Amino acid sequence: MSCYARVAVPRPLYQTFLYRIPESLVEETVPGSRVVVPFGRKQLTGWVDELVHAPETLPRGVRDILDVPDPQPALTDDLLDLCRWIARYYAAPLGLTIRAALPAVLTVESAARFIVRRGDFDPGLTGSEKRLFEHLRSHKGPVKLSSVRKSLGPGPWSNAAVRLAERGLLEIQQEAPSLRPPLRTRQVVALTRELTSLQERDNVFKRASRQRELYEYLESVAGRAEVAHLSERLGISRSVVQGLVDKGVAEINVEEIASHPFADLPAPPEVTHAPTTAQAAAISRLLDSLDQRPPNVFVLKGVTGSGKTLVYIEVLRELVVRRGQGAIVLVPEISLTPQTLSRFRAAFGDDVVLLHSALSDGERYAAWQALRSGEKRIAIGARSAVFAPVKRLGAIIIDEEHEGTYKQSDPAPRYHAREVAVMRARRAGALCLLGSATPSLESWWQTESGKWQRLDLPERIGARPLPAIHTVDLRSAIKTRGREANGRPSGPVVLSPDLKTALEDRLARGEQAILLLNRRGYSNFAQCLECGTVRTCWQCNVSLTQHRRPPRLVCHHCSHQEPLPEACPECSAPGLRQRGVGTEQVERVLEETFPDARLARMDVDTTSGKWSHHEILERVGRRHVDILLGTQMIAKGLDFPHVTLVGVINADVGLNLPDFRASERTFQLLTQVAGRAGRGEAGGEVIVQTALPGHYAIQYALDHDFDGFAERELEERREPAYPPHTRLANLVISGRGELHVQQAAEAAVSWLQGLLDARRIVGIDLLGPAPCPIDRIRGRWRWHLLLKSREPEPLGRLLGYFARRFEPPSAQIRVELDRDPVSLL
Ligand code: ADP
Ligand code: ZN
């Protein structure tokens, strides 16, 4: 009999801890069980990693497990196994990994409780079931497992409870959370009066400049915003809001929050299309593979608008509807993909569970239970839905698999949902399907080498052409604009004549346009004309971004805000020059150039509530918006047939970042945003403004040539080697003292080098240490070192060993291990 268990606790610790299992808990304590254990002077909730038969040498002071709160283990065997793999591969503490995989309710000290549902006996009950049932019936309210044990003594009570629940005689509930979403209402301030002339504004606001700024901000976000968003994100006080109300230009409304906008909507009627030839070919290859063991990983490369969603749906129809299996669908961000979600809802109705961030703990737990019991069979969600406890898993589908949001960069475990999905699917014997118009080079490489299979949807639905793309060279655009009267070069080009004409054209024809600029704020930074000083954040080594509504400087790393200085803080010269265009500036130019156009701006600053993305997109869908302007969040998956023009204000924003993925990201972003144009009958065109028109990332995007780009980029990453040619791990060492951090980084390097030498490990290269490209964030200095390895296994072993053994020279130093990093900044 096993009388000991190794327990993982949710602390940044790499070992598991040995506990004795008291006799009364022997039955329930199995791998994956949630347990309450004494830890130091506290109690912690942890999870059983494994059972141990009496160890030969028992460490002294082994303590007892205090409680097993649930009748069933929190983690099924397959998920526990997956967590162990993640902990090993990413060198992450097992306890933190398990915590990330479970709903919050099962990571805190809540306990399952039993409630009798029906009072009548079932003749088929066994002895222990009968005793438990009698006991529960004699109690009015819910009863915990631990109290059953206390009253009835040790016994097979968990099993009995689960069987009673299966017969519908009792209900197993989770203690703490309510099923209601945490917030039911919100306050929204809405403009009630339009102030058309400047004079009118002067009259109303006089010297109340803050109120005027707020008024103009609200104008820019369709006239309404959540009050909490204004105070939390924009630092606008309640009294300023009240000021607008007192002046009679706005009102505050209390609105109900639906837990999510799809909750109350009936599933839309399903529109079934007959698959095109290419879709049919892809579907039949996927279905054929279902019976192969092990099933394959497929990369579905389908150009934008080629109908990838229909392929996903048909595969799920076979698996879920015909074979009764379960599936997981991952999307980059729930709030940005309403159209995809509603297609799944239309096809599978109530079989679908949406796991999204607006769920309350109770709702999340209920969804989790519904999947685990098999009552619901399809889980759709962002990154962490890869852990959904779907029964009889038949497939994991990842839409837009190239998206960086699939990687958790902080905190540990820093897992990539794609890697985890591939591993989970392989272990479950399930199909893994990765879709994108621009597959990640990692996935592409796997298909090149024949490990994964490739599927192609080379054409848009209805043989519609991909939109023609042309570039406008920003350098010559600046030259032709010449100089202002004072002899200084004029400001940056926001709308080139080409783009302006194209927009005029669309407005005249009543068509829609999308404009992308992947930089929020008004201008990138503010620089003194005299001494050249650029204002930087006091705790991050980055320049502050200037915002217009309300006017202030903001750090995009730590959210520090400060007022816009009137004069240079260094040399007192008046007048700061604004450098680099952000979305707010584009918006202003658009307002001035096209005063009658209906604009919507979508970036982090305008999308306050959880579902405001959805509200904006819905307005676009109803054609209440002529021009949608935004950051990369508008480039994802949108399918609006009346969008005939896409303009990229500046394609170079991400191109010069010191990151080996800069070209890949730029290519993806351009291809994806271009893909929003010309999805309807009217066709479409794309105008890309750039100062680097010859750059290959831009050139291949112009030609819609993914294969060409991939070939070139794979070549670029050969020497020096970067993924996918090599495996990479980034070790970031940070702390408050600059010198200490440098010393710790050097110590880490020599520790690792010593280990590599002593063990004669070849094939792993150690680079660095060096300061991170952003060498200070939130007051912490940052250094990093890179490990490159041709083979994955030795790298994993080395990282695991390092994580367990390396002790930074000072307790203030933090070491973060990031395996397969998506960003090196
Ligand atoms: P992708 O995700 O590949 O960009 P979508 O799945 O959004 O493309 O599909 C693009 C559009 O084509 C959608 O409006 C979809 O309803 C439509 N569509 C997909 N397949 C077909 C088909 N076989 N016949 C007609 N329309 C289709
Ligand atoms: Zn900062």
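The values are calculated or read from the model by the stated rules, or taken from the named source; none is laboratory data. Because the structure is predicted, anything quoted here is derived from the model rather than measured. Methodologically, a virtual Cβ is constructed for each residue, glycine included, from the backbone with ideal geometry; neighbour enumeration extends over all protein chains shown.
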Check your understanding: Among the residues of segment 44-60, which ones are modelled with pLDDT under 85 and either within 28 Å of L82 (Cβ to Cβ) or not acidic (D, E) (or both)?
Key -> H53, A54, P55, T57, L58, P59, R60
Exercise for review: From (1) within 31 Å of the chain's Cα centre (by Cα); (2) under 20 Å from Y89 (Cβ atoms), pick out the condition that doesn't hold for A770.
Suggested key: (2)
Exercise for review: Among the residues of segment 32-63, write down those that are farther than 18 Å from V108 by Cα and either surrounded by 12 or more Cβ atoms within 10 Å (Cβ to Cβ) or not charged (D, E, K, R) (or both).
Suggested key: E50, L51, V52, H53, A54, P55, T57, L58, P59, G61, V62, R63
Revision key, fill the gap. Going through segment 521-540 in order, the residues found to be near ligand 2 (Cβ under 10 Å from one of its atoms) and more than 25 Å from the chain's Cα centre (by Cα) are T536, C537, W538, Q539
**Study point:** Matching residues, segment 114-157, being charged (D, E, K, R), surrounded by fewer than 19 Cβ atoms within 10 Å (Cβ to Cβ) and in contact (Cβ under 8 Å) with a residue 60 or more places away in the chain
**Key:** K144
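Going by the structure shown, is P550 surrounded by fewer than 21 Cβ atoms within 10 Å (Cβ to Cβ), under 24 Å from E232 (Cα atoms) and more than 16 Å from ligand 2 (Cβ to nearest atom)?
The answer is yes for P550.
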Point to revise | Qualifying positions in segment 370-382 - buried (at least 24 other Cβ atoms within 10 Å of the Cβ) and in a loop (DSSP other than H, G, I, E, B) | key: R377
Exercise for review: Hey, can you tell me all the residues within segment 452-468 that are more than 16 Å from ligand 1 (Cβ to nearest atom) and either of a type in the set (S, T, N, Q) or at pLDDT below 95 (or both)?
Suggested key: Q453, A468
Study note, to complete from the structure: N518 fails exactly one of (1) away from ligand 2 (no atom under 16 Å from the Cβ); (2) farther than 28 Å from G637 by Cβ; (3) at pLDDT 85 or above; (4) part of a loop (DSSP other than H, G, I, E, B), namely (2)
Review point. Out of all the residues in segment 494-507, is one or more modelled with pLDDT of 90 or more, away from ligand 2 (no atom under 16 Å from the Cβ) and exposed (fewer than 13 other Cβ atoms within 10 Å of the Cβ)?
Key: yes
Exercise for review: Give me a count of the residues in segment 8-26 that are in contact with a Ser or Thr (Cβ under 6 Å, 6 or more places away or on another chain) and either part of a strand (DSSP E or B) or not hydrophobic (A, V, I, L, M, F, W, C) (or both).
Suggested key: 1
Point to revise | Only listed residue being of a type outside the set (S, T, Y), more than 14 Å from ligand 1 (Cβ to nearest atom), crowded, with 18+ Cβ neighbours inside 10 Å and in contact (Cβ under 8 Å) with a residue 40 or more places away in the chain, chosen from L286, L300 | key: L286
**Study point:** Lone qualifier among T606, T644 - being at pLDDT 90 or above and either over 25 Å from I774 (Cβ atoms) or more than 16 Å from ligand 2 (Cβ to nearest atom) (or both)
**Key:** T644
Review point. Do we find a residue being closer than 30 Å to S559 by Cα, touching a Leu at 6+ places or on another chain (Cβ under 8 Å) and either modelled with pLDDT of 95 or more or not aromatic (F, W, Y) (or both) anywhere in segment 752-762?
Key: no
Point to revise | Meets criteria (under 24 Å from the mean Cα position of the chain (by Cα) and closer than 27 Å to L371 by Cβ) for G95 | key: yes
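Can you tell me which residue within segment 749-776, out of those that are among the charged types (D, E, K, R) and closer than 24 Å to N656 by Cβ, is surrounded by the fewest Cβ atoms within 10 Å (Cβ to Cβ)? Can you show your working first?
As a first pass, look at segment 749-776 and keep what is among the charged types (D, E, K, R): 757, 759-760, 765, 775-776.
When the remaining residues are screened for being closer than 24 Å to N656 by Cβ, the result is 775-776.
On the way: D775: 18, R776: 21.
This residue is D775.
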**Study point:** From the options G763, G754, residue that is touching a residue at least 12 places away in the same chain (Cβ under 8 Å) and either small (G, A, S) or within 16 Å of ligand 1 (Cβ to nearest atom) (or both)
**Key:** G763
Exercise for review: Identify, from the list G374, G326, G381, G362, the residue that is touching a strand residue (DSSP E or B) at 6+ places or on another chain (Cβ under 7 Å), touching a residue at least 24 places away in the same chain (Cβ under 8 Å) and closer than 27 Å to E166 by Cα.
Suggested key: G326
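Looking only at segment 559-577, which residues are more than 10 Å from ligand 2 (Cβ to nearest atom) and in contact (Cβ under 8 Å) with a residue 40 or more places away in the chain?
Residues satisfying the conditions are C568, E570, C571, A573, G575, L576, R577.
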Review point. Of these, A395, A385, which one is aliphatic (A, V, I, L, M), crowded, with 22+ Cβ neighbours inside 10 Å and either within 16 Å of ligand 1 (Cβ to nearest atom) or part of a helix (DSSP H, G or I) (or both)?
Key: A385
Check your understanding: Among (1) more than 15 Å from ligand 2 (Cβ to nearest atom); (2) surrounded by 15 or more Cβ atoms within 10 Å (Cβ to Cβ), which single condition is H556 missing?
Key -> (1)
Point to revise | Criterion (within 29 Å of E419 (Cα to Cα), touching a residue at least 60 places away in the same chain (Cβ under 8 Å) and touching a strand residue (DSSP E or B) at 6+ places or on another chain (Cβ under 8 Å)) met by exactly one of S734, S823 | key: S734
Study note, to complete from the structure: Note on segment 214-235: residues hydrophobic (A, V, I, L, M, F, W, C) and either more than 28 Å from the chain's Cα centre (by Cα) or at pLDDT below 80 (or both) are L214, V221, A222, L234
